[in-house]
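Here is the structure we will look at, set down as C-alpha cells.
The values are calculated or read from the model by the stated rules, or taken from the named source; none is laboratory data. Keep in mind it's a predicted model, so treat the numbers as computed, not measured. Every residue, glycine among them, receives a Cβ derived from its backbone with ideal geometry; neighbour counts consider all protein chains shown.
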Amino acid sequence: MKMKRIAVFMLVILTALSVYSVTWTWSSPYEDTYGFRYQLDTEIGENWTYVPSSVTSLTLDNVAPDTTLYVQLSRDGLSWSPSGIATYVPEEDEPEKAEISANITSAPDMLRPRVFEFSLTLDVGADMFYLESLNVAPYGGVALDFKNIYSPTSWFGLGLGLRTGASFVPENGNIITSFTEGRGFADLDKGLYADLSIAFSFIVAPSVELNVLAGGGISALNASVPTLFEISGKPCGAYTLAGLSLDRYFGRMFHMGLSYNFKYFFAKDGSGINMHSAGIHMGLTF
C-alpha cells in the first residue's frame with residue numbers, strides 16, 4: 001500500500017515537471033491605448049478576448065508547436081488595429097519546462113477619428129499680380145481654423161478656415177521705390193480682405209500636416225483689384241481661392257508653416273485678375 005502511494009506521488013511529480021509554459025508579450029506605440037484583444041490561430045469571428053491596456057502578456061501551458069497569437073490594439077474602444085502576430089516555435093534542445101517570449105507591437109496604421117481642434121494663426125506674406133507690370137504687395141492677418149469637423153481616420157480631417165487681414169499695394173507697383181523714392185506707407189493702397197474656405201487636412205509625416213484649401217472671399221478698399229459691388233459706397237471685390245499649406249507641429253499646440261494661395265478676382269466685364277500669395281505663419285492649436 002505504501003509503495004503504491006509512493007508510485008502515485010512520483011507520477012504526479014513527473015507530470016508536473018513535464019508541463020511547460022509559453023509566454024507572449026506585446027506593447028503599444030501609443031500612450032493613450034484603450035485596450036487590447038487577442039485570440040489563437042485565427043483573427044476571424046467573435047472569439048476575441050478583451051483586456052485593458054495594463055495587460056501586455058499571455059502565458060499558456062502545453063502549447064502546441066506553430067501556435068500563433070494574434071493581438072490588436074484600440075485607442076477608442078471602437079476601431080482596432082491590424083494584428084500583431086507571433087508564432088511559437090520550440091527549439092530542439094528546449095527543456096521540458098521552458099518559457100518562450102515573443103514580442104508583439106501592433107501596427108499603428110489603424111482607423112481612428114481625429115478630435116475636433118481650434119487653431120489661431122498669425123499670417124504674413126506677399127501678394128503678386130500683374131497690372132501692366134508686376135505688383136508685389138505685403139499682407140498680414142489672422143486665421144481661425146475649425147479643424148477635424150469630420151474625420152473618419154487618424155490621418156485625414158475636414159474643417160473650415162476663416163481668414164481676415166489687410167494688404168498694402170504700392171501705387172507704382174514697386175514696394176522698394178515706395179519707401180526709397182516715395183512717401184512710404186502713404187504710397188500704399190491699403191485694403192482689407194476676408195475669406196472662408198474648406199480645408200482638407202492630411203497627416204503626411206509625424207508632426208507634419210498638409211492642408212488643401214478651396215473657397216472664396218471679398219476684398220474692400222483695394223483699388224488695385226476689380227470692383228464688383230459696393231457696400232456703403234465702398235468699392236468691394238470678390239474672388240475664389242485655392243491653396244496649400246504645410247505645417248510643422250512642435251508639441252501638441254504650437255505650429256509653424258508655409259502657405260501658397262491662388263486667387264481669381266472677378267470683374268463686371270468678365271475679365272479678372274490672377275493673384276498669387278505666398279506666406280509664412282505660426283499659431284496655436286487648442
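Residue-level check: of (1) modelled with pLDDT under 85; (2) under 30 Å from PHE202 (Cβ atoms), VAL71 misses just (1). Taken across the stretch 57-64, residues that are without any contact (Cβ under 8 Å) to a residue 40 or more places away in the chain and among the small types (Gly, Ala, Ser) do occur, with at least one present. Considering (1) assigned to a strand (DSSP E or B); (2) within 22 Å of ASP145 (Cα to Cα); (3) charged (D, E, K, R), the lone condition that ARG252 does not fulfil carries the number (1).
Restricting attention to the stretch 127-149, the residues that are of a type in the set (Val, Ile, Thr) and under 28 Å from PHE200 (Cβ atoms) add up to 2. ILE273 meets the conditions (1) within 14 Å of TYR193 (Cα to Cα); (2) assigned to a strand (DSSP E or B); (3) more than 32 Å from the chain's Cα centre (by Cα); (4) not acidic (Asp, Glu) in every case but one. The failed one is (1). Could you list, in sequence order, the residues of the stretch 30-52 that are part of a loop (DSSP other than H, G, I, E, B) and of a type in the set (S, T, N, Q)? Listed by number, the residues that qualify are THR33, THR42, ASN47.
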